[in-house]
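Scroll down for the structure; my scribbles are underneath it.
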Amino acid sequence: MMKEVTSSFYAYLSRLRWIKRWGLKRNAHDENVMEHSWEVSVIAHTLALIRNRYYGGNVDANAIATAALYHDITEVITGDLPTPIKYHSEEISTAYKQIEKQAEVELLALLPVELQADFQVLIHHDKMPAEHVRIIKAADKISAYLKCQTELKAGNSEFETAAEQLALIIGASDQPEVAFFMKAFAPSCGLTLDGLMKTY
């Protein structure tokens with residue numbers, strides 16, 4: 001008879017909906033970590049497929065999408081540290097990385113032992129294939145850029161500098177799938193529903 005298993009892992013995950021992003025800025029539209037994680041996941045999945053179909057890649061798009069869903073899981077413990085603070089100094093960046101790693105350890109320990117190996121490659125970033133990490137990071141930047149565009153469209157100038165910086169980072173990417181995505185998919189994200197309907 002299998003022993004009864006209890007875990008608070010998903011109780012923690014469910015609280016990602018209460019973790020707000022972009023905490024130092026005035027937001028026209030609030031964004032939480034749970035919805036951001038979904039968006040990064042679908043963008044990363046698409047980037048991986050573009051890499052495979054157009055540029056001779058051989059990455060596991062489904063594994064990348066799954067890992068992307070968990071890419072900010074530690075923020076349920078640490079909260080969302082805004083980018084200007086996270087990279088304000090080398091000391092802060094180093095300290096925050098250590099905090100993230102400890103949070104990864106603690107979250108993994110919440111799982112039943114039999115499942116920990118399966119989740120380790122999703123929760124511990126240093127256990128993921130390097131190419132998966134690169135694609136997820138690119139998707140994270142694209143998601144942030146699209147958020148900035150949404151805010152600017154709503155008349156919120158708070159996001160002007162962030163949008164400019166992200167555009168430069170994305171534009172300088174050496175990942176061809178990123179340029180493909182930005183040309184093929186990003187422009188229509190600024191359309192209204194009526195505008196989208198007209199594209200059929």
Item to complete: Test residue 200 against the criterion of being among the aromatic types (Phe, Trp, Tyr) and at pLDDT below 95, and give yes or no.
Response: yes
Worksheet item: Somewhere in the range 21-28, is a residue farther than 21 Å from residue 77 by Cα and touching a Ser or Thr at 6+ places or on another chain (Cβ under 7 Å)?
Response: no
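Quick one: in the range 36-67, which of the residues that are in contact (Cβ under 8 Å) with a residue 12 or more places away in the chain and among the charged types (D, E, K, R) is farthest from residue 78 (Cα to Cα)?
First, the residues of the range 36-67 that are in contact (Cβ under 8 Å) with a residue 12 or more places away in the chain: 36-51, 54-55, 57, 59-67.
Of the ones still in play, those that are also among the charged types (D, E, K, R) are 39, 51, 60.
Working: 39: 21, 51: 33, 60: 29 Å.
Once the filter is applied, the top-ranked residue is 51.
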Fill in: Qualifying residue in the range 147-154 (condition: within 19 Å of the chain's Cα centre (by Cα) and within 19 Å of residue 71 (Cα to Cα))
yes
Item to complete: Looking for whichever is surrounded by 15 or more Cβ atoms within 10 Å (Cβ to Cβ), in contact with a Lys or Arg (Cβ under 6 Å, 6 or more places away or on another chain) and closer than 17 Å to residue 140 by Cβ here; the options are 80, 72. Which one fits?
Response: 80
Worksheet item: If you go through the range 1-33 one residue at a time, how many are assigned to a helix (DSSP H, G or I) and under 19 Å from residue 111 (Cβ atoms)?
Response: 8
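Here's the yes/no breakdown for (1) more than 16 Å from residue 47 (Cα to Cα); (2) among the charged types (D, E, K, R):
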residue	(1), (2)
114	yes, yes
146	no, no
151	yes, yes
156	yes, no
166	yes, no
169	yes, no
174	no, yes
181	no, no
198	yes, yes
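The values are calculated or read from the model by the stated rules, or taken from the named source; none is laboratory data. Note that this is a predicted model, so its numbers are computed, not measured. Every residue, glycine as well, gets a Cβ built from its backbone with ideal geometry; the counts of neighbours run over all protein chains shown.
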